[in-house]
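The values are calculated or read from the model by the stated rules, or taken from the named source; none is laboratory data. Bear in mind that the values here come from a model prediction, so they are computed numbers and not experimental data. Every residue, glycine as well, gets a Cβ built from its backbone with ideal geometry; the counts of neighbours run over all protein chains shown.
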Amino acid sequence: MHTFFALISRMKNIARWALMRNSSPENVQEHSHMTAVLAHALAVIRRDIYGVPCDAGAAAAAALFHDATEIFTGDMPTPMKYLNSDLTTAYKSAEHDAESRLLRQLPPELRGSYEPLIAGGGDDVRDLVKAADKLSAYIKCLEEERAGNREFRLAREQTRAKLDALNMPEVAYFIEHFMKPFELTIDEMNLED
């Protein structure tokens, strides 16, 4: 019996933003889906706008699994993850152990295909997945603020600074062309052709 996919389905039970009051709770499965959409978009922008070869499907797949280890570790809030070097090292070790544990839940013949996904994707897409993860967090902050929740103001500012510091043209393009509508209500968006 192999429990890998049953475990993956439990990502919906892992709450995000545990230290903050949320007007709309978010779980790891929802976050992973949005991160996959964004990683795919960043890869397409990289390829089609900037002419750099990139596999958008690989980026999306890696993003779907980028937080899968949280099935075992839970979602540790970012301020705690990086509170001090000992805690960061311990958490990274726990993540690595969780990766191995999760991969052991697959038949040996499939492990090689899933290992790069669980480990965050190959070098060619890892930066896109990390950027998409930050974009997803930034969008969550915007949505919470739009709902009147000031709890996310500082997180929004810090996350935006991290996005800008990436110096990735794909991210800058996405922010310039696609971010503003996340601040609008459905009625404020011009949806007519």
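Observations on the structure shown:
- Among (1) buried (at least 20 other Cβ atoms within 10 Å of the Cβ); (2) of a type outside the set (S, T, N, Q); (3) under 25 Å from Gln158 (Cα atoms), the one test that Leu102 misses: (3)
- Each residue in the stretch 60-92 was checked for being more than 17 Å from Ala131 (Cα to Cα) and in a helix (DSSP H, G or I), and 15 pass.
Let's see how each residue does on (1) among the aliphatic types (A, V, I, L, M); (2) at pLDDT 90 or above; (3) surrounded by 13 or more Cβ atoms within 10 Å (Cβ to Cβ):
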{"residue": "Tyr114", "(1), (2), (3)": "no, yes, yes"}
{"residue": "Gly121", "(1), (2), (3)": "no, no, yes"}
{"residue": "Arg150", "(1), (2), (3)": "no, yes, no"}
{"residue": "Leu163", "(1), (2), (3)": "yes, yes, yes"}
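Here's the yes/no breakdown for (1) assigned to a helix (DSSP H, G or I); (2) more than 14 Å from the chain's Cα centre (by Cα); (3) buried (at least 16 other Cβ atoms within 10 Å of the Cβ); (4) polar (S, T, N, Q):
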| residue | (1), (2), (3), (4) |
| --- | --- |
| Ser24 | no, yes, no, yes |
| Ser32 | yes, no, yes, yes |
| Ala43 | yes, yes, yes, no |
| Gly51 | no, yes, no, no |
| Ala58 | yes, yes, yes, no |
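- Selection status of Ala18, outside any helix (DSSP H, G or I) and either in contact (Cβ under 8 Å) with a residue 24 or more places away in the chain or among the hydroxyl-bearing types (Ser, Thr, Tyr) (or both): yes
- Each residue in the stretch 140-190 was checked for being assigned to a loop (DSSP other than H, G, I, E, B) and closer than 24 Å to Ile49 by Cβ, and 7 pass.
- Candidates Tyr91, Tyr82, Tyr114 - the one that is in contact (Cβ under 8 Å) with a residue 40 or more places away in the chain and either more than 21 Å from Val37 (Cβ to Cβ) or of a type outside the set (D, E, K, R) (or both): Tyr114
- Test for Glu109: is it closer than 23 Å to Trp17 by Cα, over 17 Å from the mean Cα position of the chain (by Cα) and not aliphatic (A, V, I, L, M): no
- Those residues of the stretch 96-146 which are within 19 Å of Ala61 (Cβ to Cβ) and of a type in the set (Asp, Glu), in sequence order: Glu99, Glu109, Glu115, Asp123, Asp124, Asp127, Asp133
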